Amino acid sequence: MTSPEPTETAAAPAAKEPHRLTRFVVVRGLGFVYLVAFLVLANQLLPLLGSDGLTPVRDFLARVPLDAGSRWEAFWQYPTIFWWDASDAFMRSLAWLGVVLSAVVLAGFANGLLLLILWFVYLSFVQVGQIWYGFGWEIMLLELGFLCVFLGPFLDLRPFLRSPPPRVTIWLIRWFLFRVMFGAGLIKLRGDPCWRDFSCLLFHFETQPIPNPLSWYFHNLPDWMLRAGVGVNHIVEVLLPPFFLFGPRMIRRIAGAGVVLFQVMLILSGNLAFLNWLTIVAALACFDDDLYRRILPRRLVGACARAAAGPPDSRGVVPAAWCYAAVVAVLSIAPVQNMASSRQIMNTSFDRWSLVNTYGMFGSVGRTRDEIVIEGTRSSIPDEDAEWVEYDWKCKPGDPTRRPCWITPYHLRLDWLVWFAAMSDYEHHPWVMHLAWKLLHADPGALALLDGDPFGGEPPRFIRAERYRYEFTKESGEVWWKRRRLGSYFPALDAQNGSLRRFLRQYGWGDR
């Protein structure tokens, strides 16, 4: 007669340290986000940051030592492995290495060393990513990724271990989640008045960077529901973090469930890259094994229980975790001061390694949506009688009849930056003119960032950009948007235009 499978309840250590399953789901969730982030990187790296990209890494690194004083000082200002090799082949190989290692973590095999490698490789890209990697979710991934290094042994790859994760690391993840949520709540209350008069959601779903198909339905909800949604936002971001995240077990579960459900609603209403997914991963640390045993497959629960009753493994991670907790305590001073300040800033690192940061999102909400529409023509005279053909973005509004796309947690960096560029002029976003130059030469890399090539691989004779005002339609049908032309973003240009060439030479672009 065989003995029954051991259960987590039967293992005495589980009652005292109920976070083995918590570690499993948090690290697997981190592996998923890393996988998405590195896939985004591998697919868009060369057109954005390659030697012939819109903002080449090699040009950026060539400028930094001039300001820093020396190459060594430049490394400490921008710690990245690409000081040693910034070739396209090396960068791309590291991006795909990140994809492979992330898949290993997602499959259930992780240790401190593997997570440390993923962290440093991604840090290296963020440091040289320039405008394309200036978003809050990049430093969020780096901070949470480094915290998870201290969830388990440095070398043991087994999914489940006898030693539970250090409790202090679980609390550090909750501290990270607190700053993400509370920082976002405070920046809203201190920022745009529409958050205080409960009107922000009347505009947000229409004006956010990349709406998805459900954004149209959210935007057309009754006003009272949208105003109530602002109230829910304040409850989850302002009230839950300080009063619930650090409370007793049941209180923490309520806070964690509230954060997860709130992030799911944000995922359903817009394409915010992997920001919400990463927040959910952190929120999973609010739950303990007593809950996870009820919802995870019995196979996983049994494997965890068998490991808990197995032979001892390394406990060296505990003192290391406590040492890092002391580092976090010191590095948290600046973020806490920032949150307490009436001049709060959002999504900022106070150390070069992005170990402890300050966060926030949508401190201001646009009331109108302006878009840049790039057009090309093969006509010899670029007037209004010419046949102008639009270039389509992969996901941003363009053709009013095209349904908004759903890409989260994937991220289209060019589409997101064009949203910012439309808020001002091209002098503040010079890369737009470099994109125009590349389209004038039918550059394959630039075209890969767009949704097709209307000229079939042949260069247009002229390029221009128009500015349009977009609004969601009010009735469902084949047309999702209505738009009207506001004016020119930049005039018709050809590859021989002297002003364009001089503009590009200021940034080292154009003819090399």
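The values are calculated or read from the model by the stated rules, or taken from the named source; none is laboratory data. As the structure is a computational prediction, the values presented were derived from the model and not from experiment. Please note: Cβ atoms are built from the backbone with ideal geometry, for glycine as well, and neighbour counts cover all protein chains shown.
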Inside segment 105-162, can you point out the residues that are in contact with a Leu (Cβ under 8 Å, 6 or more places away or on another chain) and at positive phi? Gln130
Pick from segment 100-121 the residues that are of a type in the set (Phe, Trp, Tyr) and either touching a Phe, Trp or Tyr at 6+ places or on another chain (Cβ under 7 Å) or free of Cβ contacts under 8 Å to residues at least 40 places away in the same chain (or both): which of them is farthest from Leu141 (Cα to Cα)? Phe120
Residue pairs, Cβ under 9 Å, 6 or more apart or interchain, first in segment 37-50 and β-branched (Val, Ile, Thr), second assigned to a helix (DSSP H, G or I). List them. Val40/Arg413
Kindly indicate whether Leu48 is in contact with a Leu (Cβ under 6 Å, 6 or more places away or on another chain) and either polar (S, T, N, Q) or at pLDDT 95 or above (or both). yes
Mind checking whether some residue in segment 483-494 is under 30 Å from Leu201 (Cα atoms), surrounded by 12 or more Cβ atoms within 10 Å (Cβ to Cβ), modelled with pLDDT of 95 or more and not hydroxyl-bearing (Ser, Thr, Tyr)? yes
Condition first: within 18 Å of Leu278 (Cα to Cα), among the charged types (D, E, K, R) and assigned to a helix (DSSP H, G or I). Can you find one or more residues in segment 72-87 that meet it? no
I'm checking my understanding of the structure. Among residues of segment 459-482 that are part of a loop (DSSP other than H, G, I, E, B) and at pLDDT 95 or above, which one is surrounded by the fewest Cβ atoms within 10 Å (Cβ to Cβ)? Thr473
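Okay, residues lined up against (1) farther than 18 Å from Leu123 by Cα; (2) touching a Ser or Thr at 6+ places or on another chain (Cβ under 6 Å):
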residue: Asp59; (1), (2): yes, no
residue: Val64; (1), (2): no, no
residue: Ala68; (1), (2): yes, no
residue: Ala74; (1), (2): no, no
residue: Ile81; (1), (2): no, yes
residue: Trp84; (1), (2): no, no
residue: Met91; (1), (2): no, no
residue: Ala95; (1), (2): no, no
Could you list, in sequence order, the residues of segment 285-299 that are of a type outside the set (Val, Ile, Thr) and surrounded by fewer than 24 Cβ atoms within 10 Å (Cβ to Cβ)? Phe287, Asp288, Asp290, Leu291, Tyr292, Arg293, Arg294, Leu296, Pro297, Arg298, Arg299
Just name the residue that is nearest to Leu355 (Cα to Cα) out of those in segment 277-336 that are among the hydroxyl-bearing types (Ser, Thr, Tyr) and either in a helix (DSSP H, G or I) or not assigned by TED's automatic domain parsing to the domain that holds Pro164 (or both). Tyr324
Applying the selection to segment 384-417, what residues are of a type in the set (Asp, Glu) and either buried (at least 20 other Cβ atoms within 10 Å of the Cβ) or assigned to a loop (DSSP other than H, G, I, E, B) (or both)? Glu384, Asp385, Glu387, Asp392, Asp399, Asp415
Considering only segment 360-380, I want to know if a residue exists there that is in the same structural domain as Arg467 (by TED's automatic domain parsing) and without any contact (Cβ under 8 Å) to a residue 40 or more places away in the chain. no
